[in-house]
Every structure is written in structure tokens, then in C-alpha cells.
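Student: Here it is: the structure, laid out below.
The values are calculated or read from the model by the stated rules, or taken from the named source; none is laboratory data. Remember, it's a predicted structure, so these values are computed and weren't measured experimentally. Cβ placement follows ideal geometry from the backbone for every residue including glycine, while neighbour counts extend to all protein chains displayed.
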């Protein structure tokens with residue numbers, strides 16, 4: 001995917017610089033990719049991505065960020081090409097509202113955070129319930145993760161990333177299940193191990209372990225999973 005990017009020199013209005021600077025920092029935090037212009041609407045899109053982009057339900061300024069997030073998710077190479085931009089009357093005709101449109105732009109990250117929080121709470125609650133039933137940490141961990149993982153997958157697919165194209169559901173589910181099995185297996189092992197040391201604090205151990213694994217999972221995706229994608233994100237020249 002080719003992106004026409006601005007240079008953001010002194011001739012760029014402050015609203016444009018402010019919005020882009022915040023967005024590109026948050027985009028880098030969540031994807032590990034450096035982009036000079038995350039609000040550009042000038043894109044050269046490969047034909048294979050057109051149906052997916054049409055399926056996105058967002059609009060206005062947040063659509064630009066949604067496109068980049070999904071392009072990252074699909075493994076698309078992002079090629080930045082410098083362009084010249086002329087602003088008439090300091091871009092006075094722009095309909096960008098620094099407050100309202102910033103909220104819309106960052107809503108995808110808010111949705112992701114809320115999705116993770118909801119799934120985490122569901123996992124802990126059902127872990128307690130299943131442990132009461134089975135009195136077994138390993139079985140309870142897998143059963144709880146089955147419930148919370150299913151919840152998280154569909155929240156992410158339809159509410160966070162708003163992927164309404166059902167053609168990719170099978171592939172997405174397969175990748176998600178593989179990752180979930182690895183994480184829950186590691187979680188179950190660690191909780192079982194530390195509960196032998198502190199048997200009266202199993203729930204607290206579960207909370208600490210899963211929070212730690214959440215951070216680990218995030219870092220692994222940034223450093224390992226998406227490393228090739230970051231290498232392909234470069235300016236043209």
C-alpha cells in the first residue's frame with residue numbers, strides 16, 4: 001500500500017501537526033511501526049485489499065487510522081512517498097475538530113483496551129466458578145479461557161476492528177486459537193506452580209500471572225511477530 005505523506009514543516013497548520021503527531025505515536029505504540037503521516041488520505045491500494053477497505057464501517061478522520069490498523073493486521077507493506085501540500089488560508093476550510101475528531105480517531109484504541117479489560121474480567125470470574133466446580137487449576141484455566149477467549153475474539157472482530165467480512169473468520173479463528181492455547185497453557189502452568197507455594201492466594205496469583213502474560217504477549221507481537229512488517233515500512237526513494 002502506497003501512502004502519500006506530508007513533510008509537516010512550518011507551513012502545516014498546527015491542528016494538522018497536532019493530530020498527526022499524537023496519532024502516529026499511538027499507532028507506533030500499538031503496532032511497532034513508524035509512519036510519518038498517519039492521517040493521509042492519498043493512498044495507492046492493492047486490488048486484493050479493496051473489498052476489505054469497503055467493508056470498514058468508520059468514516060471521517062478515524063477512517064484513515066482504521067485503514068492503517070487493518071493494513072498492518074493484513075500484513076500489507078506500507079510504502080511512504082513524499083508529497084507537497086498547499087494549504088489555503090491556513091487550512092481554514094478544514095472540518096477537523098481537535099477534540100471531537102481526536103476522540104473518534106482514538107476510539108479504536110479505547111475499544112481495544114475495553115475489550116481486553118472485559119475479557120480479563122470474564123476470565124477471572126469463570127476461573128473462580130470452574131475452580132469451585134472442578135477444584136482443579138489446570139482444568140479451570142482452560143475452561144475459563146474458552147469462555148473469555150471466545151468473547152474476546154468476537155468483540156475484537158466486530159467491535160474493535162469491525163471486520164465484517166466473514167471470508168477471513170476461519171483463518172482469523174485458527175491463528176487466534178493457536179495463540180490462545182499457548183498463552184493459557186503457560187498461564188495454567190504458572191498458576192499451578194505458584195499456588196503450591198501460596199495455596200490461599202490462587203485468585204490473586206491468577207490475576208498477576210495473566211497481567212504479566214498480557215504484557216509479554218504484546219511485546220512478542222511487536223518484537224517478533226510484526227518485525228518483518230516493520231522492515232517493509234519505509235519511505236520511497
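Student: I need a count of the residues in the range 27-51 that are in a helix (DSSP H, G or I) and out of contact with any helix residue (DSSP H, G or I) (no Cβ under 6 Å at 6 or more places or on another chain).
Tutor: Total satisfying the criteria: 9.
Student: Would you check if residue 112 is buried (at least 17 other Cβ atoms within 10 Å of the Cβ) and either assigned to a helix (DSSP H, G or I) or modelled with pLDDT under 80 (or both)?
Tutor: yes
Student: Taking the stated definitions as given, is residue 79 touching a strand residue (DSSP E or B) at 6+ places or on another chain (Cβ under 7 Å), surrounded by 13 or more Cβ atoms within 10 Å (Cβ to Cβ), farther than 27 Å from residue 191 by Cβ and at pLDDT 75 or above?
Tutor: Answer is yes for this residue.
Student: Would you mind listing the helices (runs of 4 or more DSSP H) fully within the range 167-237 where at least 3 residues are under 22 Å from residue 151 (Cβ atoms) and at pLDDT 85 or above? Full working, then the answer.
Tutor: On the way: elements: 169-197, 202-220, 227-231.
Fully inside the range 167-237 and qualifying: 169-197, 202-220.
Student: Could you please give the count of residues in the range 39-64 that are at pLDDT below 75 and surrounded by 13 or more Cβ atoms within 10 Å (Cβ to Cβ)?
Tutor: Going through the range 39-64 one residue at a time, the tally reaches 4.
Student: Residues in the range 1-38 that are crowded, with 16+ Cβ neighbours inside 10 Å and free of Cβ contacts under 8 Å to residues at least 40 places away in the same chain: how many?
Tutor: 3
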